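Read through the structure below, which is laid out as structure tokens, and then see the notes.
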Amino acid sequence: MTSFAQRCGIHDAEREESVARVAQLIEAQGLELVRFAWCDLHGVLRGKTLVGSAAARALREGVGLVSTLMLKDSSDRTAFRVFEPGGTASLPGFGFANNLQLLGDPASFRQLPWTPSSGWIQGQPWFTDGQPVELDTRRVLQRALARLEHAGYGLKCGLEIEFHIYRIEDAQPQLDPEQAAWPAPVPRVSLVHPGYNLLAEGWYDLAEEPLRIVQRTAQALGLPLLSLEVELGPSQVEAVFEPTDALTAADNMVLFRNAVKMALRRAGYHATFMCRPPFPNIMSSGWHLHQSLVDLRTGANAFRRASPETHATPADAGFTLSALGEHWLAGLLQHARGMTAFCTPTANGYGRFRPNALAPQSVLWGRDNRGALLRVIGDCGDEATRIENRIGEPAANPYLYVAAQVHAGLDGIGRRLLPPVATDAPYAGAGENLPTSLGEALDALHTDLSLCEAFGPAFIAYFTQIKRSEQQRFEASENKDEFQRREYFGRL
């Protein structure tokens with residue numbers, strides 16, 4: 001009798017050997033529990049915890065999940081009327097809170113460092129008939145990368161992630177049954193450093209205890225952590241990672257973000273990847289995505305240029321970037337407004353796009369310019385030549401953020417688009433403005449026909465309905481600060 005994984009077409013002798021190795025590791029390490037986790041539309045890990053002896057069978061047969069987990073907005077409300085006739089007509093395979101099957105990848109197996117005797121496996125959802133759930137965001141990125149591979153290239157990404165860590169002074173509001181609400185109230189917190197002293201060693205020392213937890217958690221999970229830094233804002237920090245292939249980078253972001261929140265919580269700290277925490281004096285957090293193409297035939301950086309283009313000046317992209325890099329840069333600019341909803345997907349994130357905040361405001365690029373949307377880094381002959389996109393917030397779903405880069409860049413290559421000259425005044429009012437709200441960003445996405453076609457109309461309709469639900473509740477809220485406190489600060 002064939003297993004469910006075989007019926008899905010993903011189980012072969014090699015995968016069976018991997019499943020057997022995982023089973024041996026679970027037994028040898030005495031693991032009592034194994035978490036089967038999946039990344040939802042909002043970048044949050046969900047899943048089920050099985051006893052260790054059940055893990056191998058689950059890797060072959062899957063783990064049942066209610067399909068409404070894929071239909072939740074950021075408050076965990078179901079954005080589709082699943083029990084009404086036609087309520088999920090736009091979502092073939094969904095309806096009446098039916099089951100999906102979560103199939104784990106045995107190669108992703110890890111032992112969790114912050115909790116005893118527990119393993120972790122990453123999975124993706126499948127329909128019970130063995131067909132893939134194409135709305136799964138990891139699968140969205142896999143399809144985008146397949147397009148890029150067909151063109152002869154791979155994408156290399158480096159992560160630079162700002163976030164906030166607070167010390168929990170009183171968790172009782174969140175756990176008090178008399179105050180239970182949907183969403184829940186948030187804990188009372190204090191700062192781990194006072195801020196306004198960028199990269200100050202004294203402030204790093206003050207925040208070292210929670211940062212050590214971040215360091216040990218990331219390294220124990222095998223994540224390629226490069227540095228931990230104190231940022232300018234109160235209680236704001238940054239983690240930087242070595243570049244990897246794009247899918248690995250997205251997987252690492254999901255695991256890092258969720259793992260450090262859990263590890264820090266156990267030690268009495270609250271980490272949030274919300275862009276603008278709900279306090280009067282804060283600095284917005286961004287997620288800066290460094291990217292370059294790899295020529296799959298040679299392994300070389302396809303953005304690298306040996307010498308400046310003829311007659312190019314430092315203000316021209318061809319002074320540093322290859323012709324392919326110029327086209328990719330132009331594609332990112334062309335689709336910047338359309339991709340914003342994927343890169344900054346919360347109502348909270350749009351407060352970051354303001355002048356002189358080391359965040360973008362307009363659709364411009366610059367040479368090593370941290371005020372521009374796109375920052376070109378490197379010189380001729382430099383194998384580290386890359387483009388840094390500064391549009392993202394740290395709460396973004398990594399698979400959608402990266403997929404947007406791929407589709408935009410490929411359009412630039414396909415149409416041989418060329419970028420304008422670099423800006424030296426990113427806040428002077430030149431260039432088209434980025435969207436200033438989630439609603440405006442969703443409208444911009446719908447007018448970007450090329451981007452919508454690349455993601456597919458079914459996914460765009462699905463994504464938009466869920467994010468419109470969030471946007472409408474935000475606009476209808478009487479106290480928008482309290483909305484963001486409960487919706488984002490306690491969860492993201």
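The values are calculated or read from the model by the stated rules, or taken from the named source; none is laboratory data. Keep in mind it's a predicted model, so treat the numbers as computed, not measured. Heads up, the Cβs are rebuilt from the backbone with ideal geometry, glycines too, and the neighbour counts pull from every protein chain shown. Just the protein is used for accessible areas: all its heavy atoms, side chains included, with ligands, DNA and RNA removed. Shrake-Rupley method; radii C 1.70, N 1.55, O 1.52, S 1.80 Å.
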Any chance you could get the radius of gyration and Dmax over the Cα atoms of region 255-309, in Å?
-> 19.4, 55
For region 402-450, the percent of accessible surface on carbon and sulfur atoms (probe 1.4 angstrom, ligands and nucleic acids excluded) is 53 percent
When only the heavy atoms of the protein chains count and the probe is 1.4 Å, how do Glu478, Glu84 rank by accessible area, highest first?
-> Glu478, Glu84
Give the distance, in whole Å, between the Cα centre of region 262-298 and the Cα centre of region 442-483.
-> 22 Å
Under Karplus coefficients 6.51, -1.76 and 1.60, residue-wise ³J(HN,Hα) of region 409-419 in Hz, glycine/proline x | x, 5, 5, x, 5, x, 9, 6, 5, 10, x
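Rounded, prolate or oblate: which fits region 1-67 when a ≥ b ≥ c are the square roots of the eigenvalues of the alpha-carbon gyration tensor, with rounded for a/c under 1.5 and prolate only if a/b beats b/c?
Verdict is oblate for region 1-67.
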Relative contact order, percent, of the chain when contacts are C-alpha pairs under 8 Å separated by at least 6 residues?
-> 15 percent
Chain lengthening between Arg212 and Ala458 when straightened (0.36 nm per residue, less Cα-Cα) | 84.2 nm
Using the heavy atoms of the protein chains and a 1.4 angstrom probe, tell me the accessible area per residue for the chain in square angstrom.
-> 41 Å²
Label-point gap, in nm, between Ser117 and Gln219 - each point 7 angstrom along Cα→Cβ | 2.8 nm
Exactly which GluC sites (Glu not before Pro) in region 307-407 are in a DSSP loop and have at most 12 other Cβ atoms within 10 Å?
-> Glu383
Fraction of alpha-carbon pairs in the chain farther than 32 Å apart, rounded to whole percent, equals 42 percent
Taking the Cα centre of each part, how many Å lie between region 136-155 and region 28-88?
-> 24 Å
Could you give the nm distance between label points at Ser307 and Glu242, where each point is 7 Å from its Cα heading toward the beta carbon?
-> 3.4 nm
On the full set of protein chains, 1.4 Å probe, figure out the accessible area of Ile391 and give it in Å² to the nearest 10.
-> 0 Å²
Counting each DSSP H run of 4 or more residues in the chain as -39500 (n - 2.57), what helix-only mean residue ellipticity at 222 nm follows after dividing by all residues, to the nearest 500 deg cm²/dmol?
-> -10000 deg cm²/dmol
In the full protein assembly as shown, how much of Phe489 is accessible to a 1.4 Å probe, in Å² to the nearest 10?
-> 0 Å²
Could you go through region 92-109 in sequence order and give the Karplus-derived ³J(HN,Hα) for each residue, using 6.51 cos²θ - 1.76 cosθ + 1.60 with θ = phi - 60°, rounded to whole Hz, and x for Gly and Pro?
-> x, x, 10, x, 6, 6, 5, 8, 10, 10, 8, 9, x, 9, x, 5, 8, 4
Region 158-184 to region 365-397: how many Å between their Cα centroids?
-> 32 Å
Mind putting a number on the dipole of the chain about its Cα centre? Charges go on the C-beta only, +1 for Lys and Arg and -1 for Asp and Glu, and I need it in Debye to the nearest 20.
-> 620 debye
Given the pairs Lys156/Lys467; Lys72/Lys480; Lys48/Lys156, which span a C-alpha to C-alpha distance of over 23 angstrom in this model?
-> Lys156/Lys467; Lys48/Lys156
Only Cα pairs under 8 Å and at least 6 apart count here; give the relative contact order of region 107-247 as a rounded whole percent.
-> 26 percent
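Relative to the present Cα-Cα distance, how much length would full extension add between Leu232 and Leu418 at 0.36 nm per residue of separation?
63.4 nm
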Determine the principal axes of the Cα atoms in region 114-159, then give the extent along each, sorted from largest to smallest and rounded to whole angstroms.
-> 45, 36, 13
How high is the relative contact order of region 335-492, in percent, counting Cα pairs under 8 Å that sit 6 or more residues apart?
-> 30 percent
Could you order Leu145, Leu293 by accessible surface area, starting with the largest, using a probe radius of 1.4 Å?
-> Leu145, Leu293
Could you list log10 I(q)/I(0) for region 305-357 at q = 0.14, 0.20, 0.32 Å⁻¹, which the Debye formula gives when each Cα is one point scatterer?
-> -0.56, -0.79, -1.15
What FRET efficiency would be calculated for the residue pair Asp205, Asp368, taking the C-beta separation as r and a Förster radius of 25 Å, to the nearest 0.05?
-> 0.25
Largest-first semi-axes in Å of the equivalent ellipsoid built from the Cα gyration tensor of region 252-406 are 31, 18, 13
Unit-weight point scatterers at every alpha-carbon of region 337-492, Debye formula, q = 0.09, 0.16, 0.17 1/Å: log10 I(q)/I(0) is -0.32, -0.97, -1.08
Ranked by accessible surface with a 1.4 Å probe, highest first, in what order do Lys480, Lys72, Lys467 come?
-> Lys480, Lys72, Lys467
What's the extension gain from Lys48 to Arg266 if we count 0.36 nm per residue and subtract their Cα-Cα distance?
-> 76.5 nm
Value of D in µm² per second that Stokes-Einstein yields for region 177-328, Kirkwood Rh from Cα pairs, at 10 °C (1.306 mPa s) = 86 µm²/s
For Trp114, the accessible surface traced by a 1.4 Å probe with all protein chains present amounts, in square angstrom to the nearest 10, to 40 Å²
